Structures are given as structure tokens and as C-alpha cells.
């Protein structure tokens, strides 16, 4: 059954009303054809409920646009959805990633996240590569996918819109990591489900790090928009100390765009529900519009919030992560890097849920606040206590030498 326009419809009843499903919902492949976006394949999803989003096939199958009943949710930065052929990963001292940074979902990894760093490479057993210099947030977000398929399927009386692809991050004398991604949304529904598997198809033990840069903007993001999360500890803040209050912007309430705003990043420790899932939400009370993001704590034990309230680049980023915000060398020193041997894989599950109206707001708030009482103070002092992350003891001994 599907719920559409106040009716509950079987497959037959829906077919009676629409000669083609695309009349009310569907997924369609198209190609962008102008400017820096030229040549980027894109899947356009419409669920029929008012939810529309696009999947950028040639940018790691990340989610680009997202809107609900005409109201924008996703961040579109000035870079646009730049064709990866124009991307210079090694440029600008490792910061050129920012020239291709846009969209609701931007995947970071697969072997490195966070700032530019130099790390050991002797686990690849190649004399010419003693170290690797990683640029900001890794390579995966600018690699085109091999599209396995897309379409609409009736499953257990539900009509599911879906797409699946494989993104391969590989080098000779280096990593061979595959991201297998499936994206689903129900016809008549308000959810987007992302299921990822990261697999080492190479034969050398390979480090793995990953986080999701989930970016919302105007009109969902506006002055007064609230960030709601089951925070049990404020672990770290990029602007801690004397700068914590300098911009008069706390951790949970957005401010209007500021011409000279300097980005702020927080790391929070979250409490999961009984199923092991962590829900957070971005809520605009004026529009009665919100976005809930649900992850699995065992898969993504760390969580950051990126506040970029700069005029012209106005965004809030929700960032669930495999590792702490201090970076790769910090993780190596603490034995917290995930190492994948041949055939090893890690699974990740994300759910994006539109919150429409006061009832949905109240339900989300009840579920989230019941898990942990977040700080009342907008400017809580960070503890700087980074909980130890449990990791399999499978790192090669050579990986720790510098």
C-alpha cells in the first residue's frame, strides 16, 4: 500500500489512476549540461509526498539537492556540483576539496578524514611510498560511481524508489576500497535511507576512516533554527577558551548569516536508544519544518556539528564519524584506526526523515530528549575527554612507524 494525497492505494489502484508512475513519483536519470557541472549524471527522486532529492552519480552517489513541498533543505554552495574532472585533490596545500564542496550529503573518506595530514604508508610495502599526504576529507567524494541500477520496485506492498552503485577508490601500490551504496525512498514517504558497505578488495591491510558531511541551509536553516541531540558530553570545540562566546553563537541555536563569521565545530558524545540508534534533528519552528538524521552508534561512534554561518555560504553540518575530530595521526597514536584486510567490510546505515508540522516536531523532541538531557547553556565548556574507541586488534605492526 502507498499513502498518497489522502488515499491508501494498492499497486492496482495506483496503476488505475496513473498510466505511468512518473505522473506522481519516480526516479529519473539525467545529465547536467552547463558550467562546472557539465557532464555530471544525476538521479532525480520524487516520492509524491512533496519530498524531492537528487543523487549525484558522478560524485560518489552523494545527495545533492533536497526540498520538501518547495522548501529548500540541502545546502548548495557557490561551487555547484562540480564535475570531478575539474577537481584538483592535491591543490592549495590540501584544501582544494573546498572547491567541490556542496550538497545535502558529502561523503568523506574512505581512508582519511578531516584536515590535511602526512601519515605512514609502509603497510603498502612499496619502497617508493614511505608516507602519504592526504588532503582535506579524503578522495571518495569526487569519484564517479559505476551505476548498478535504479528504478521502482514493489516490495511487501510498498513501492520503493531505489538506486545502487559502486564507487572505487584505488591506486597501484595503494588502497583498493569499494563503497557499495544503496539509496531508497518509499512512494508517499518522507524518508531517505542510505545503506553503505565499505569493502577492501585489495590484498594489503588498509586503514579506513569515514564520516558523513550532512549539510542543511536556508530556509530550513535560519535565525532561531534549533539543533536537537541526545548529548551526554560536549567533548571538544574548535573555538574553546576565550573564543567560546566571541561570536555570540552557541551550540544549539542558529544565528542569521554574518559577513565575517568564522566557522565553529563541536564534537559531542551521544546517547543511543535501545536499538543502538542515535537521532538528531534540525528544527525550524517558524516553518514547522525539520530534518531528523538517524545513525547507528556502533558504526559511527563520534559526532560533530559544523556551524558555517558566513554570509553567502550559510550552512549547518551534521557529521557522524568513525573517529574523533582530532584527525588521523591522533587516531593512529591511540590505536583507533579501523584496518581492513582483504574482503573485510564495514556497514553504515543512515536515515533522513522530514519532520512536517507540530506533531512530528513533538514526537522527535520527545524521543531525542528522553535519551539524554543536553546542556541548557548555549556555551558549555568542553570536557576535552575523548572516549576510547573499541577497535579490532588487526593493525600491521609496520603501520605505526614514522
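The values are calculated or read from the model by the stated rules, or taken from the named source; none is laboratory data. Owing to the predicted nature of the structure, the values given are computational and were not obtained by experimental measurement. All Cβ positions, even for glycine, are placed from backbone atoms using ideal geometry, and neighbour counts span all protein chains on display.
Within segment 122-138, the only residue that satisfies the criterion of being out of contact with any helix residue (DSSP H, G or I) (no Cβ under 9 Å at 6 or more places or on another chain) and surrounded by 18 or more Cβ atoms within 10 Å (Cβ to Cβ) is 124. Number of residues in segment 339-368 that are closer than 30 Å to residue 207 by Cβ and either at pLDDT below 95 or surrounded by fewer than 18 Cβ atoms within 10 Å (Cβ to Cβ) (or both) equals 9. Give the residue that is surrounded by the most Cβ atoms within 10 Å (Cβ to Cβ), with candidates limited to residues of segment 74-100 that are modelled with pLDDT of 95 or more and touching a strand residue (DSSP E or B) at 6+ places or on another chain (Cβ under 8 Å). This residue is 75. Please verify whether residue 156 is modelled with pLDDT under 95 and closer than 30 Å to residue 2 by Cα, treating the condition exactly as stated. Criteria met by residue 156. In summary, residue 261 fulfils each of the numbered conditions (1) without any contact (Cβ under 8 Å) to a residue 60 or more places away in the chain; (2) surrounded by fewer than 19 Cβ atoms within 10 Å (Cβ to Cβ); (3) assigned to a strand (DSSP E or B) with the single exception of condition (3).
Consider segment 296-312 and keep the residues that are surrounded by 18 or more Cβ atoms within 10 Å (Cβ to Cβ) and touching a residue at least 60 places away in the same chain (Cβ under 8 Å). The one that is farthest from residue 209 (Cα to Cα) is 309. Kindly check whether there is at least one residue in segment 208-224 that is in a loop (DSSP other than H, G, I, E, B), touching a residue at least 24 places away in the same chain (Cβ under 8 Å) and touching a helix residue (DSSP H, G or I) at 6+ places or on another chain (Cβ under 7 Å). Taking every residue of segment 208-224 in turn, none turns out to be in a loop (DSSP other than H, G, I, E, B), touching a residue at least 24 places away in the same chain (Cβ under 8 Å) and touching a helix residue (DSSP H, G or I) at 6+ places or on another chain (Cβ under 7 Å). Here are some conditions: (1) free of Cβ contacts under 8 Å to residues at least 24 places away in the same chain; (2) more than 23 Å from the chain's Cα centre (by Cα). Residue 390 meets all but one. Which one does it not meet? That leaves (2) as the condition not met. Each residue in segment 25-39 was checked for being touching a strand residue (DSSP E or B) at 6+ places or on another chain (Cβ under 6 Å) and free of Cβ contacts under 8 Å to residues at least 24 places away in the same chain, and 3 pass.
Residues considered: 71, 43, 56, 29. Of these, the only one that is within 27 Å of residue 198 (Cα to Cα) and either modelled with pLDDT under 95 or more than 19 Å from the chain's Cα centre (by Cα) (or both) is 29.
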